[in-house]
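The structure appears below as structure tokens.
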């Protein structure tokens, strides 16, 4: 039977949480592992390179259940509660795939100045991609504006970044790539880390 709550999901075999506390800027990937491929790697590595905190939920391979973001609530996980007790702004990393948007990165969430800042930093590093940071241009269910969405729980809210398969290295374009993370994924991680380091409200 598929889980309907975050607590039930955490009881499933192969589901585990990851937490590293550093600065009060945080990265999250709670659809990581086998669910939205490489999102946890992007979040974890960008956090490490920018001295940011990191929280992830790693799902098993195969066809794991997908809980909506609004179901991931800190009152159902002491680990997530510790993360939100420490950070005051977050970037959440998600994966999506939609015809017509395979080369687009969507920057939702309630912290719009941070979304614009990240676009400014990332666009030169990933010139082959289109960055959509006007929420009116983002498909409604991918905007990350619901008050219960974890990206909006910290004091200063955050940015939900939806990544297409290509920039995560999980599209047919990269099927013969054997060099570890793809150049696009590496550039994304480096850009996210630079975006945090150059954000004027980032703190240690």
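Values in this text are rule-based calculations from the coordinates and carry no lab data. Just so it is clear, the structure is predicted and the values come from calculations on it, not from any experiment. Because the Cβ atoms are built from the backbone with ideal geometry, glycine has one as well, and the counts that use them run over all protein chains shown.
For the range 165-196, the tally of residues that are without any contact (Cβ under 8 Å) to a residue 40 or more places away in the chain and in a loop (DSSP other than H, G, I, E, B) stands at 7. Does the range 91-100 include one or more residues that are more than 19 Å from residue 169 (Cα to Cα) and touching a residue at least 24 places away in the same chain (Cβ under 8 Å)? Among the residues of the range 91-100, at least one is more than 19 Å from residue 169 (Cα to Cα) and touching a residue at least 24 places away in the same chain (Cβ under 8 Å), which makes the answer yes.
The residue that is farthest from residue 162 (Cα to Cα), among those in the range 92-115 that are loosely packed, with under 15 Cβ neighbours inside 10 Å and out of contact with any helix residue (DSSP H, G or I) (no Cβ under 9 Å at 6 or more places or on another chain), is 113.
Within the range 1-26, the set of residues being crowded, with 20+ Cβ neighbours inside 10 Å and either free of Cβ contacts under 8 Å to residues at least 40 places away in the same chain or within 21 Å of residue 186 (Cα to Cα) (or both) comprises 25, 26.
Would you call residue 60 surrounded by fewer than 20 Cβ atoms within 10 Å (Cβ to Cβ) and either closer than 19 Å to residue 150 by Cβ or within 15 Å of the chain's Cα centre (by Cα) (or both)? In short, no.
For the range 27-65, name all the residues that are at positive phi, without any contact (Cβ under 8 Å) to a residue 40 or more places away in the chain and touching a helix residue (DSSP H, G or I) at 6+ places or on another chain (Cβ under 9 Å). If the condition is that a residue be at positive phi, without any contact (Cβ under 8 Å) to a residue 40 or more places away in the chain and touching a helix residue (DSSP H, G or I) at 6+ places or on another chain (Cβ under 9 Å), then 33 is the only one that fits.
Count of the range 127-155 residues, restricted to those that are touching a helix residue (DSSP H, G or I) at 6+ places or on another chain (Cβ under 8 Å) and either buried (at least 19 other Cβ atoms within 10 Å of the Cβ) or closer than 19 Å to residue 69 by Cα (or both), is 13.
With respect to the conditions (1) out of contact with any strand residue (DSSP E or B) (no Cβ under 6 Å at 6 or more places or on another chain); (2) touching a residue at least 24 places away in the same chain (Cβ under 8 Å), residue 68 falls short on a single one, namely (2).
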